[in-house]
Structure formats: structure tokens, C-alpha cells
1. Which of THR141, THR208 comes first, and how do the rest follow, when ranked by fewest Cβ neighbours within 10 Å?
2. If amide H atoms are built 1.01 Å from N in the plane of the peptide, which residues on other chains or at least 5 residues away come under 5 Å of the amide H of LEU96?
3. What percent antiparallel are the DSSP beta bridges of region 52-207, to the nearest 5?
4. Using modelled amide H (1.01 Å from N, peptide plane; none on Pro or chain starts), what sits under 5 Å from the amide H of THR205, excluding residues fewer than 5 places away?
5. Which three semi-axes in whole Å describe the equivalent ellipsoid of region 103-214, each the square root of 5 times a Cα gyration tensor eigenvalue, listed largest first?
6. Work out the length of the dipole vector of region 52-207 about its Cα centre, built from +1 on the beta-carbon of each Lys and Arg and -1 on the beta-carbon of each Asp and Glu, and round it to the nearest 20 debye.
Amino acid sequence: MRRYAASLLALAAALFMGWRAWWVPNDLVLAHNLRGAAAVRIVFHADEHPAPLSDTPGPSGLSEADTVAIYAAVIRSLCFAGDSLGSQCGAPTLYLLRTTDDRGGNPLGAPSPPSAIPEAVQQGLAAALPDLPVRLVWVDTWAGVPLEEGAGKAVAGHGAAITLGNIRLRQDGAALVPAGVYIASLSGRGQTYVIEKAGGTWEVTGNTGYQWVS
């Protein structure tokens with residue numbers, strides 16, 4: 001019931017205001033009038049029994065290498081491997097915010113405080129994805145993401161904008177990372193990824209909590 005209540009609440013609020021606003025963190029604000037939209041899709045899904053988190057809201061106990069590997073696994077799943085929310089985005093350029101924002105993966109949740117992604121982690125991510133045909137561009141704010149002209153507000157050059165959330169450690173040792181991708185006003189998605197370490201490698205093994213699709 002919780003998932004349907006959340007969906008109806010979000011839809012009712014949007015209809016009441018006459019506008020549909022999807023996740024776009026910080027100062028990049030995109031919205032589209034529901035009455036003028038040809039198609040509107042609102043999907044919220046929540047696990048009925050999410051696993052408990054530890055009391056540590058950040059990557060405490062994680063090495064720099066582990067942090068890089070976890071974020072790299074999320075980017076691979078979100079944009080190049082496909083996931084439970086849809087096909088891969090395959091963008092040639094990914095714009096990433098230098099500050100974490102949990103709302104990218106769960107707009108309805110209570111986000112942990114944002115934190116700066118260390119420069120060493122940013123550089124490590126580029127080195128961790130050498131096999132992918134993608135260029136990583138880090139931006140200080142979402143105003144730094146170039147957009148195409150027109151109603152669709154697509155990221156320029158067939159690119160995509162990504163927000164990475166804080167890494168939280170679950171009690172069983174798995175890492176949880178909220179993350180979302182924005183391609184255009186009717187092309188975006190996000191969820192909280194479950195990443196587990198096996199054989200020395202961090203890999204996405206599932207998701208938990210809310211998922212959203214536009």
C-alpha cells in the first residue's frame with residue numbers, strides 16, 4: 001500500500017499545482033506543464049521490507065579505492081549496463097556534480113547532508129572506467145550542465161547528467177548508493193543501488209527503497 005500511496009500523493013500534488021517537476025538537483029530547475037504534455041509517466045516503487053542501515057551515513061571505514069569502485073559500479077549500471085528501470089543511456093559525455101545529493105535516487109526520502117566528492121575520487125573514477133566510451137565532466141553546480149534549446153531541455157550533445165548520493169553501509173556490509181540520471185525532461189530515472197563486494201570486486205547486486213522514472 002505504501003508504494004501506491006506515494007505514487008498517488010505525488011501525482012495529486014503535481015495535478016493540483018498544474019505542473020510536473022522531476023528530480024533536478026540544486027539550481028537546475030526543469031518543469032513541464034501537465035496540461036500541455038503529450039505523455040506523463042510517474043512511477044514510484046518501494047520495497048516492502050528494506051534492509052536496515054548501519055548508523056553510519058557516510059563511507060566510514062571505506063578506503064578511497066573502495067569508494068571509487070562503488071561509484072564506478074553505480075555509473076556502469078545506471079548508464080551502460082541497463083538496470084531494473086530501463087535500458088542503458090549510452091551517453092558519450094556524463095556530467096557529474098562534485099557534491100553528493102541523495103535526492104537523485106530517492107526524491108521522497110530524507111537525504112543525508114551533502115558532501116564534496118574528493119578530487120582523488122573524481123580522478124579515480126575516470127581511471128576506473130577506461131573501457132567505457134564516455135567522457136566524465138565534473139561540474140560545481142547543475143547550472144554547468146549544457147542543455148539543448150527547446151521544450152525537451154535535453155542535455156547537449158546526447159549527454160547525461162548524473163547525481164551520486166552518499167554511500168551508506170548496510171549492516172550486512174553491502175553499500176547503498178542513491179543515484180539518478182537526467183537525459184531530458186521525459187527521460188530520467190533513479191533508485192538506491194545495492195553494491196556488494198565479492199572476490200575483491202564491488203558489483204551492483206540489486207536495489208532497495210523507492211525508484212522513479214520520468
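1. Working: THR141 13, THR208 20.
Fewest to most other Cβ atoms nearby, the residues stand as THR141, THR208.
2. Result for LEU96 returns VAL137, TRP138, VAL139, ILE162.
3. Details: 25 of 33 bridges.
Just about 75 percent of them are antiparallel.
4. Those qualifying (amide H under 5 Å, at least 5 residues apart or on another chain) are VAL194, ILE195, GLU196.
5. Values: eigenvalues 125, 67, 37 Å².
Output for region 103-214: semi-axes of 25, 18, 14 Å.
6. Numbers: 9 positive and 14 negative charges, 41 e Å.
Its charge dipole is roughly 200 debye.
Taken together, the values in this text are just the output of simple stated rules run on the coordinates, not laboratory data. These numbers come from a predicted model, not from an experiment. No Cβ is skipped: glycine too gets one built from the backbone with ideal geometry, and neighbour counts run over all protein chains shown.
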